[in-house]
1. On the phi < 0 side of the Ramachandran plot, at pLDDT 95 or above, open to solvent by 40 Å² or more (accessible area, probe 1.4 Å) and not in a loop (DSSP other than H, G, I, E, B): which single residue out of LEU50, LEU84 fits that description?
2. Can you tell me which residue is surrounded by the fewest Cβ atoms within 10 Å (Cβ to Cβ) among those in the range 191-222 that are more than 14 Å from GLY169 (Cα to Cα) and basic (Lys, Arg)?
3. Can you find a residue that is within 25 Å of the chain's Cα centre (by Cα), outside any loop (DSSP other than H, G, I, E, B) and more than 30 Å from ILE380 (Cβ to Cβ) anywhere in the range 184-203?
4. Show the residue pairs that are 6+ apart or on different chains and have beta-carbon atoms under 7 Å apart, the first residue being within the range 365-385 and touching a residue at least 24 places away in the same chain (Cβ under 8 Å), the second being among the acidic types (Asp, Glu).
5. Here are some residues: ALA178, ALA235, ALA229, ALA184. Which one is open to solvent by less than 70 Å² (accessible area, probe 1.4 Å) and out of contact with any helix residue (DSSP H, G or I) (no Cβ under 9 Å at 6 or more places or on another chain)?
6. With respect to ARG316, determine if the residue is touching a Cys at 6+ places or on another chain (Cβ under 8 Å), open to solvent by 20 Å² or more (accessible area, probe 1.4 Å), assigned to a helix (DSSP H, G or I) and at pLDDT 95 or above.
7. Test PHE355 against the criterion of being part of a strand (DSSP E or B) and among the aromatic types (Phe, Trp, Tyr), and give yes or no.
8. Going by the conditions given, is GLY102 in contact (Cβ under 8 Å) with a residue 60 or more places away in the chain, part of a loop (DSSP other than H, G, I, E, B) and not aromatic (Phe, Trp, Tyr)?
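The values are calculated or read from the model by the stated rules, or taken from the named source; none is laboratory data. All values reported here derive from a predicted model rather than from experimental measurement. Ideal geometry is used to build each Cβ from the backbone, glycine not excepted, and the neighbour counts take in all protein chains shown. Note: accessible area is taken over every heavy atom of the protein model, side chains too, but ligands, DNA and RNA are not part of it. Shrake-Rupley method; radii C 1.70, N 1.55, O 1.52, S 1.80 Å.
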Amino acid sequence: MVRKRIAVLYGGKADEHSISCISAAGVLAAMDDERFETVLIGITKQGEWLTGCTDPRDFDFEQQALPVVSAGPDTSHVVLDMALGADGFFARDEHSGAEGQGALTSLGHIDAVLPILHGPYGEDGTVQGLLEMLGVPYVGCGVFASSACMDKHFTKILLKSAGIPVAPGITLDARPYAAADTFAANGDDFITKVRAAGLHYPLFVKPSRAGSSFGVTKVEREGDAAELAAAVREASRHDWKVLVEQGVDAREIECAVLAPRADRDILASWPGEIVLDRRESGNDQFYDFDSKYMDSDASHVQVPADLPGEMLDRVRETAIKAFKAVDGTGMSRVDTFVGADGSIVVNEINTIPGFTPISMYPKAWEATGISYGELITALIDGVLESA
């Protein structure tokens, strides 16, 4: 059997750079080497595309420092020739010719691309648009769904138009405010907007276009202008578009969606729940970056979630409906809030969900009967068969 050559993109310019590296390490370790030959392309935080750089499988995850894509002695810059499409991936020999004009060596024909990129410049439709122009098949959602779901503000608009409940909230444009005083002088203005929208505390303030809980703050003291201003300032460090959402008194239930081919049924996994272990000891905890990736004692994944069967089915149905509403393809993780009264609210849709071995997306499919390796194979086969 001739192995298909799959370019794996990892790293990237977003805050989620290191999480992408961790996800890529898990994916590469689980890929079927008998069927797929991987071509590794690491993207630095500065946006450079490199080959021959650090292999994610070689990262030392026992160290405290998060992994990053970095150049080594055998590293070359990747150059794309748009006219050649799937044959247009080259490595530049940095040691020949004038600077930036070294000889190009083909990386060979690329059958498909597997982007393991989280956040802006990877999950937001930018890379997807580039690959569309190249004419190379790629795993995951297309340009529209990627860009729409990266922006939580527009995700809400699409979901509401499809009749899917979302958390009440407002969107702020942080650009007019003065960062020099950390928005302290604008706190009363933010309070006025919150009251006008009828939002109830606690509030969650978050960047509209960022992931992995970067820049998210829980605001609990009603009417505290300084606390709200500080939260808006923190979110604005990641995006000028800031969401202020009403906290939902509910459990966060996540559902993995799989649609490798457009002509096949959309599948939904058993819904799972991130259990925040420190809540049992009385700590007021929410699922922030440290809980997700840095503190192994902070949380664990439970699939299926401890809910009645009828409720689990409703979450699955809602996840598929939300996936269709944003024109999703390939895969996504749909995050919902399930209230004690049986209400289901969609929080967000992640079009390239975390793929670390302990992430909800692969864990949910494993509990549903599809192993990590089988999941990756299904996603790649889907785009190859549709090409």
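1. On the way: LEU50 fails: open to solvent by 40 Å² or more (accessible area, probe 1.4 Å).
Among LEU50, LEU84, only LEU84 is on the phi < 0 side of the Ramachandran plot, at pLDDT 95 or above, open to solvent by 40 Å² or more (accessible area, probe 1.4 Å) and not in a loop (DSSP other than H, G, I, E, B).
2. We begin by selecting, within the range 191-222, every residue more than 14 Å from GLY169 (Cα to Cα); these are 209-217, 220-222.
Still in the list and also basic (Lys, Arg): 209, 221.
On the way: ARG209: 21, ARG221: 12.
The qualifying residue surrounded by the fewest Cβ atoms within 10 Å (Cβ to Cβ) is ARG221.
3. yes
4. Cβ pairs passing all conditions: TYR372/GLU366; GLY373/ASP32; THR377/ASP32; LEU384/ASP111.
5. Working: ALA178 fails: out of contact with any helix residue (DSSP H, G or I) (no Cβ under 9 Å at 6 or more places or on another chain); ALA229 fails: out of contact with any helix residue (DSSP H, G or I) (no Cβ under 9 Å at 6 or more places or on another chain); ALA184 fails: out of contact with any helix residue (DSSP H, G or I) (no Cβ under 9 Å at 6 or more places or on another chain).
Selected residue: ALA235, the only one of ALA178, ALA235, ALA229, ALA184 that is open to solvent by less than 70 Å² (accessible area, probe 1.4 Å) and out of contact with any helix residue (DSSP H, G or I) (no Cβ under 9 Å at 6 or more places or on another chain).
6. Details: touching a Cys at 6+ places or on another chain (Cβ under 8 Å): yes; open to solvent by 20 Å² or more (accessible area, probe 1.4 Å): yes; assigned to a helix (DSSP H, G or I): yes; at pLDDT 95 or above: yes.
So ARG316 passes the test.
7. Values: part of a strand (DSSP E or B): no; among the aromatic types (Phe, Trp, Tyr): yes.
Considered against the rule, which asks whether it is part of a strand (DSSP E or B) and among the aromatic types (Phe, Trp, Tyr), PHE355 comes out as no.
8. On the way: in contact (Cβ under 8 Å) with a residue 60 or more places away in the chain: no; part of a loop (DSSP other than H, G, I, E, B): yes; not aromatic (Phe, Trp, Tyr): yes.
Considered against the rule, which asks whether it is in contact (Cβ under 8 Å) with a residue 60 or more places away in the chain, part of a loop (DSSP other than H, G, I, E, B) and not aromatic (Phe, Trp, Tyr), GLY102 comes out as no.
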